[in-house]
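S.K.: Quick one: structure below, then a few questions.
The values are calculated or read from the model by the stated rules, or taken from the named source; none is laboratory data. Small disclaimer: the values here were computed from a predicted structure and weren't measured. As a convention, Cβ positions derive from the backbone with ideal geometry for all residues, glycine included, and neighbour counts pool all protein chains shown.
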Amino acid sequence: MYWNDPRTPFRAFCHVLDPEIRNRLAYVQFPQEFHGLNETDSYAGRLIRLFKLNPSGLDGLSGPNYMGTCCFIRQRSLFGDPSTLLSPEIRELSPDYVVDNPITSPSVLEVAHRIGFKYGLLVEDFYTGFRLKCEGWRSIFCNPEKAAFMGNAPLNLLDVPFQNKRWQIGLLEVASSRYSPITFGVKAMGLFMGLGYSSYAYSSILSIPITTYSFVPQLALLNGLNIFPKVSEPWFLLYVLLFLGAYGQDFLEHCVGGGTIQRWWSDQRMWMIKGLSCFLFGLTEFLLKSIGIPTQGFNVTRKAIDDEQRKRYEQGLFEFGVSSAIFVPLTMAAIVNLFSFTYGLIHFVNGSNKEMGLMPLLLSALNTCRFMKLWY
């Protein structure tokens with residue numbers, strides 16, 4: 001990650017020096033842009049919701065969450081709430097102290113854990129920003145036309161789920177702690193900010209409905225079971241409206257964030273891939289750790305030369321990297337949806353079971369189109 005616009009610090013200081021908000025301002029958050037992405041953004045590396053849409057919404061309340069990068073943070077905010085300054089007796093921990101050499105003293109480090117950044121979790125950036133908001137600090141989201149910061153995005157499919165799995169485990173650690181956003185957060189920040197942070201902390205639970213969405217209607221179709229209303233029934237219209245409304249809203253939000261139709265479709269594909277891989281494995285690993293069952297981490301090594309990997313990425317080819325168990329649910333879903341779509345299409349063409357199998361047939365067709373990129 002690097003500065004892309006030399007005027008970025010001046011924009012940050014404009015907010016920091018604003019007399020109306022400076023006493024309660026903890027940090028100024030900028031979105032991160034990525035260079036080197038291909039036309040379709042195969043792995044949804046732009047992260048429009050994470051870096052643009054969600055921060056814009058939270059900015060209307062008490063400000064965006066701290067993302068751990070692309071940010072100017074006031075040192076004062078790490079030493080107590082806006083009305084109380086915690087002045088440590090140790091000079092090395094004073095907000096005005098300039099560090100010349102690394103601090104290794106155990107006594108200093110012990111006190112340092114009680115102030116400053118909140119370490120001890122896998123997502124210390126999210127947790128630190130969350131605690132600052134609970135103390136009464138606010139933040140500002142600054143999104144200039146010219147990208148303030150630029151960075152690199154993953155160029156293979158394996159980097160995406162492993163990176164996100166680590167985040168999901170860390171977010172669940174926050175969600176299950178005494179500082180859970182849904183309880184402590186709502187009480188300290190208010191209902192809407194608490195729900196906003198909860199949408200991050202509990203995001204791995206989406207793996208349950210995504211897994212259900214990927215398997216249950218398809219298996220029901222293969223076994224001749226009816227789980228949806230018939231086309232002739234009034235309730236069928238409700239399912240259609242919910243389906244179109246959800247996807248329509250998602251598409252419009254993506255376009256507002258600067259996306260295109262192709263990039264939106266890539267984002268849809270990665271949404272399902274993440275739900276069947278990193279979200280599912282992150283939730284499972286966290287639950288196993290919670291009951292004392294040790295889990296084995298995944299050691300990932302890159303086997304391809306960077307130039308070759310870049311060439312395949314520019315061609316729009318999916319790069320799986322090394323084999324991993326994290327792709328097993330994804331592969332199973334792709335096969336089940338393909339068989340379900342083929343089976344349902346044959347029966348639909350033959351005129352048998354047209355009404356009962358239409359909805360699962362459409363879902364199987366949609367998911368098969370999502371997974372089609374994985375086959376070539």
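S.K.: Working carefully through the options Ser266, Ser199, find the one that is assigned to a helix (DSSP H, G or I) and surrounded by 21 or more Cβ atoms within 10 Å (Cβ to Cβ).
M.R.: Result: Ser266 is the single residue among Ser266, Ser199 that is assigned to a helix (DSSP H, G or I) and surrounded by 21 or more Cβ atoms within 10 Å (Cβ to Cβ).
S.K.: Return the only residue of Lys289, Lys274 being assigned by TED's automatic domain parsing to the domain that holds Ile326 and under 19 Å from Phe51 (Cα atoms).
M.R.: Working: Lys289 fails: under 19 Å from Phe51 (Cα atoms).
Among Lys289, Lys274, only Lys274 is assigned by TED's automatic domain parsing to the domain that holds Ile326 and under 19 Å from Phe51 (Cα atoms).
S.K.: Name, by its number, the condition in (1) in a loop (DSSP other than H, G, I, E, B); (2) surrounded by 16 or more Cβ atoms within 10 Å (Cβ to Cβ) that does not hold for Phe162.
M.R.: It fails just one condition, (1).
S.K.: Hey, does the range 283-299 have a residue that's modelled with pLDDT of 80 or more, closer than 20 Å to Thr368 by Cα and among the small types (Gly, Ala, Ser)? Spell out the reasoning first.
M.R.: First pass over the range 283-299, keeping only residues modelled with pLDDT of 80 or more: 283-293.
Then drop every residue that is not closer than 20 Å to Thr368 by Cα, which leaves none.
No - not one qualifying residue is present in the range 283-299.
S.K.: Please go through the range 228-256 and pick out each residue that is part of a helix (DSSP H, G or I), surrounded by fewer than 18 Cβ atoms within 10 Å (Cβ to Cβ) and touching a residue at least 40 places away in the same chain (Cβ under 8 Å). Can you show your working first?
M.R.: If we filter the range 228-256 for residues that are part of a helix (DSSP H, G or I), which is where we start, we get 235-256.
In the following step, the residues that additionally are surrounded by fewer than 18 Cβ atoms within 10 Å (Cβ to Cβ) were identified as 235-253, 255-256.
Those that are part of a helix (DSSP H, G or I), surrounded by fewer than 18 Cβ atoms within 10 Å (Cβ to Cβ) and touching a residue at least 40 places away in the same chain (Cβ under 8 Å): Phe236, Tyr239, Glu253, Val256.
S.K.: Are there any pairs with C-beta distances below 9 angstrom linking a residue in the range 257-271 that is more than 16 Å from Phe34 (Cβ to Cβ) to a residue that is of a type in the set (D, E, K, R) and at pLDDT 90 or above, with the two at least 6 apart or on different chains, and if so which?
M.R.: Pairs that qualify, where the first residue is more than 16 Å from Phe34 (Cβ to Cβ) and the partner is of a type in the set (D, E, K, R) and at pLDDT 90 or above, are Trp264/Asp250; Gln268/Asp250; Trp271/Asp250.
S.K.: Can you tell me which of (1) closer than 24 Å to Phe286 by Cα; (2) more than 20 Å from the chain's Cα centre (by Cα); (3) in a helix (DSSP H, G or I) is the one Gly185 doesn't meet?
M.R.: (2)
S.K.: Name the pairs whose Cβ atoms lie under 6 Å apart, with the first residue in the range 51-70 and touching a residue at least 24 places away in the same chain (Cβ under 8 Å), the second acidic (Asp, Glu), and 6 or more positions between them or separate chains?
M.R.: Sorted first by the residue in the range 51-70, then by its partner, the pairs are Leu53/Glu253; Tyr66/Asp125; Gly68/Asp125.
S.K.: Scan the range 129-161 for residues that are within 17 Å of the chain's Cα centre (by Cα) and of a type in the set (Val, Ile, Thr) and report the count.
M.R.: Looking only at that region, the number is 1.
S.K.: Looking for whichever is in the same structural domain as Phe72 (by TED's automatic domain parsing) and small (Gly, Ala, Ser) here; the options are Ser107, Ser176. Which one fits? Break it down into steps so the answer makes sense when it comes.
M.R.: Working: Ser176 fails: in the same structural domain as Phe72 (by TED's automatic domain parsing).
The match here is Ser107.
S.K.: Kindly indicate whether Ala153 is surrounded by 18 or more Cβ atoms within 10 Å (Cβ to Cβ) and either polar (S, T, N, Q) or in contact (Cβ under 8 Å) with a residue 24 or more places away in the chain (or both). Reasoning before the result, please.
M.R.: Values: surrounded by 18 or more Cβ atoms within 10 Å (Cβ to Cβ): yes; either polar (S, T, N, Q) or in contact (Cβ under 8 Å) with a residue 24 or more places away in the chain (or both): yes.
It is true that Ala153 is surrounded by 18 or more Cβ atoms within 10 Å (Cβ to Cβ) and either polar (S, T, N, Q) or in contact (Cβ under 8 Å) with a residue 24 or more places away in the chain (or both).
S.K.: Just for the range 202-227: of the residues that are over 26 Å from the mean Cα position of the chain (by Cα) and small (Gly, Ala, Ser), which one is surrounded by the most Cβ atoms within 10 Å (Cβ to Cβ)?
M.R.: Selected residue: Ala220.
S.K.: Does Gly344 fit the bill of being farther than 22 Å from Phe162 by Cα, at pLDDT below 75 and surrounded by 14 or more Cβ atoms within 10 Å (Cβ to Cβ)? Steps first, answer last, please.
M.R.: Working: farther than 22 Å from Phe162 by Cα: yes; at pLDDT below 75: no; surrounded by 14 or more Cβ atoms within 10 Å (Cβ to Cβ): yes.
Spelling it out, it is not the case that Gly344 is farther than 22 Å from Phe162 by Cα, at pLDDT below 75 and surrounded by 14 or more Cβ atoms within 10 Å (Cβ to Cβ).
S.K.: Within the range 109-159, which residues are at pLDDT below 85 and among the aliphatic types (A, V, I, L, M)?
M.R.: Passing the criteria: Leu109, Val111, Ala112, Ile115, Leu121, Ala153, Leu155, Leu157, Leu158.
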